[in-house]
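Please read the structure below before turning to the comments.
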Protein chains: 2
Amino acid sequence: MFDQVRIVLINTTHPGNIGAVARAMKNMGLSRLYLVDPQEFPDPVAERRASGATDILDHAVVVSTLDEALAGCHFVVGTSARGRKIPWPVVNPRDLAQEVFVQTQARDNAEVAILFGREARGLTNEELQRCNWHVHIPSDPEFSSLNLAMAVQVVAYELRMKYLESLEIEAPHSNMKPMVSPLDGGWDVEPASVDEVELFLEHLERTLIDIDFHDPEHPRQLMARLRRLYQRCCLDKMELNILRGILRSTQKVAGTWGAQPPRSQ
Amino acid sequence: MFDQVRIVLINTTHPGNIGAVARAMKNMGLSRLYLVDPQEFPDPVAERRASGATDILDHAVVVSTLDEALAGCHFVVGTSARGRKIPWPVVNPRDLAQEVFVQTQARDNAEVAILFGREARGLTNEELQRCNWHVHIPSDPEFSSLNLAMAVQVVAYELRMKYLESLEIEAPHSNMKPMVSPLDGGWDVEPASVDEVELFLEHLERTLIDIDFHDPEHPRQLMARLRRLYQRCCLDKMELNILRGILRSTQKVAGTWGAQPPRSQ
């Protein structure tokens, strides 16, 4: 379970928080830290706050874009305060841990990313819309903003609690388990990866422009709503191929197929 | 529940940790902080790390002995690593929260104290033996020592989870409930009805024929797969309208819109 989970920190301001996150992860048995465009890293303050979890800092994957951090992932969850304009699927850390456990048990190659945003401003709307689900730590609405490392601690704690609970159950592959998406064991087709879904969403947007359904100058919330829909489904690879095929056929009818080739077909 | 719980920090070395504890408490709805013989308090570093939870620091009860901090309490719990010479009753934070909930519900004047020891050495044996129970945060045995404020965060989080869970018994749509589709409480748009989804699937099939993607003579499993996909999502009414709009625009481009009108638009 733990080696299939990436903790992704985006654009972290304070290196001390990165160190505190490393310590919290190692305390709970997690090890895979991704840093997207950190403001100061490596840094002696991070080392100090890691209090011996320096191996996690040493092996941290530092990248410049979220895309790089998510490459190869099948399920992406972002930490969020409540009350977005378009509500996204949202769970608490305990339900998230349950889902991560089920997915990582179902498939050895399952990869889950959990995103944590900037200290002052969290994740951007665009980053939040890259997520299949959001996780909300149920803080007091009057004083709701947790320190970054505290948020990681709570989520990592729930993952560990779930893991320990599973050791006691001893029957992880019971057929009592619900199977509701390609991420669960027993599905017929492999899940699509997030980068494949991203290419589909790009292709979808281009096609909607081609058929005059979508005007990027007046986007309203169209692509956000379609993104929420298709990410909520957790598409499998065959479904993704079918949807791409429909877009190709649509573009052929519109006379735009090949005019502005998508990055990948 | 929360106003019957004291968080007691014993002989804390770093004022930053006291501030971080105050923030973690306030995030989770706790307010009663007791400081037994803190090494530096008050201190501007504590204020800074409290990030707005300064009211908790201002009202902190500073005492010189554990006895003073425990005066009037009925139940005392100390955070502990495993493996004391004389094993004490030990629970994890979730079971502790359950117990605190039961006790504080049972009697209005119940008072619970949860003790957290020094950063470097935790609680002494004598202090641990003052406790009814010990609470152990199930960390990785290879790297088991949590930061002080992180430990408070985890315990406070479990208290809040228990509190919210108790509200749910009366209010089934509290914010504890996972919300992953339009069928859950809190979604922004009403779910589509099955007959609306059925009309959409008919319209989809007709459109796929129009653009030469689908041949009803050789259907393979195409419509079954698309049906599984869109039904799995539990579409909301706005998503359904968007998808119908896309089909209309596609048919206009294909020159088939209106040729064989769908039963409903």
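Only bridges whose two residues both fall in the protein assembly as shown count here: according to DSSP, what percent of them are antiparallel, nearest 5? Spell out each step's value before the answer.
On the way: 5 of 49 bridges.
If I count the DSSP bridges inside the protein assembly as shown, around 10 percent turn out antiparallel.
Check A:Val91: other-chain or 5+ apart residues with amide H under 5 Å from its amide H, H built from backbone geometry?
Hits under the 5 Å cutoff: A:His134, A:Val135, A:His136, B:Met179.
Under 8 Å for C-alpha pairs, at least 6 residues apart: give me the relative contact order for chain A, rounded to a whole percent. Working shown, then result.
On the way: 420 pairs, mean separation 54.8, N = 265.
The value is 21 percent.
By counting other Cβ atoms within 10 Å of each Cβ, how are B:Glu165, A:Glu127 ranked from fewest to most? Spell out each step's value before the answer.
Details: B:Glu165 16, A:Glu127 20.
Taking fewest neighbouring Cβ atoms as first place, the list is B:Glu165, A:Glu127.
What does the charge add up to near B:Asn27, with Lys and Arg as +1, Asp and Glu as -1, over the other residues with Cβ less than 12 Å from its Cβ? Walk me through the intermediate numbers first.
Details: positive: B:Arg23, B:Lys26, B:Arg160; negative: A:Asp140, A:Glu142.
With Lys, Arg at +1 and Asp, Glu at -1, the neighbours total +1.
Starting with the fewest neighbours, write out B:Arg220, B:Arg244 ranked by other beta-carbon atoms found within 10 Å of each beta-carbon.
Numbers: B:Arg220 10, B:Arg244 19.
So the ranking, lowest neighbour count to highest, is B:Arg220, B:Arg244.
What size of dipole, in debye to the nearest 20, comes out for chain A about its Cα centre when the only charges are +1 on Lys and Arg C-beta atoms and -1 on Asp and Glu C-beta atoms? Display every interim value, and only then the final one.
Details: 28 positive and 36 negative charges, 94 e Å.
It works out to roughly 460 debye.
Can you list the copy-to-copy distances for A:Glu190, using a point 7 angstrom from Cα toward Cβ, in nanometres, shortest first?
Nearest to farthest, the other copies are at 4.3 nm.
What are the ³J(HN,Hα) values, in whole Hz, obtained from phi via the Karplus relation 6.51 cos²θ - 1.76 cosθ + 1.60 with θ = phi - 60°, for each residue of the range B:210-224 in sequence order, with x given for Gly and Pro?
After applying 6.51 cos²θ - 1.76 cosθ + 1.60, I find 4, 9, 6, 8, 10, 10, x, 6, 10, x, 6, 10, 3, 5, 4 Hz.
Using a simple charge model, +1 on the beta-carbon of Lys and Arg, -1 on the beta-carbon of Asp and Glu, nothing else, what dipole does the range A:82-159 show about its Cα centre, in debye to the nearest 20?
Details: 8 positive and 10 negative charges, 51 e Å.
Its charge dipole is roughly 240 debye.
Let me know the charge dipole size of the range A:177-217 about its Cα centre in debye, to the nearest 20, where only the beta-carbon of Lys, Arg (+1) and Asp, Glu (-1) is charged.
Working: 2 positive and 12 negative charges, 69 e Å.
I would put it at about 340 debye.
Just to check I understand the Karplus step: with θ = phi - 60° and J = 6.51 cos²θ - 1.76 cosθ + 1.60, what whole-Hz values come out for the range B:230-243, glycine and proline as x?
With coefficients 6.51, -1.76 and 1.60, one gets 6, 6, 5, 5, 6, 4, 8, 5, 6, 4, 4, 5, 4, 5 Hz.
Among B:Pro219, B:Leu243, B:Leu199, whose Cα lies farthest out toward the positive end of the dipole of the range B:194-254, if unit charges sit on the beta carbon of Lys, Arg (+1) and Asp, Glu (-1)?
B:Leu243
Name the residue farthest towards the positive end of the dipole of the protein assembly as shown from the options A:Pro141, B:His74, A:Pro87, assuming +1 on Cβ of Lys and Arg, -1 on Cβ of Asp and Glu, about the Cα centre.
Comparing the listed Cα positions along the dipole, A:Pro87 ranks first.
B:Met161: net charge of surrounding residues, Cβ under 9 Å, Lys/Arg +1, Asp/Glu -1, itself excluded?
Numbers: positive: A:Arg94, B:Arg94, B:Arg160, B:Lys162; negative: B:Glu158, B:Glu165.
Once all neighbours under 9 Å are counted, the net charge is +2.
Nearest-5 percent of antiparallel DSSP beta bridges in chain B? Intermediate results must be reported in sequence, preceding the final value.
Working: 2 of 24 bridges.
Of the beta bridges lying entirely in chain B, close to 10 percent run antiparallel.
Can you list residues from other chains, or at least 5 along the same chain, whose modelled amide H is less than 5 Å from the amide H of A:Asp236?
Under 5 Å from the amide H of A:Asp236 lie the amide H atoms of A:Ala192, each far enough along the sequence or on another chain.
Summing +1 for each Lys or Arg and -1 for each Asp or Glu, what net charge is found among the other residues whose Cβ lies under 14 Å from the Cβ of B:Gln221? Please report the intermediate quantities before stating the final value.
Values: positive: B:Arg220, B:Arg225, B:Arg227, B:Arg228; negative: A:Asp188, A:Asp236, A:Glu239, B:Glu205, B:Asp215.
Once positives and negatives cancel, what remains is -1.
Using only Cα atoms, find the angle between the long axis of helix B:148-170 and the longest principal axis of chain B, and express it within 0 to 90 degrees, rounded to the nearest 10.
60 degrees
Got a sec? How would B:Val112, A:Val62 order by Cβ neighbour count within 10 Å, fewest to most?
On the way: B:Val112 21, A:Val62 14.
Least crowded to most crowded, the residues run A:Val62, B:Val112.
Per-residue ellipticity at 222 nm for chain A, helices alone: DSSP H runs ≥ 4 residues times -39500 (n - 2.57), over residue total, nearest 500 deg cm²/dmol? Walk me through the numbers on the way to the answer.
Values: 10 runs with 118 residues, N = 265.
Rounded to the nearest 500, the figure is -14000 deg cm²/dmol.
All of the numbers you see were taken from the coordinates with simple rules; none came from a lab. Please read these numbers as outputs of a predicted model, since none were measured by experiment. Using ideal geometry, Cβ is built from the backbone for each residue, glycine included, and neighbour counts are taken over all protein chains shown.
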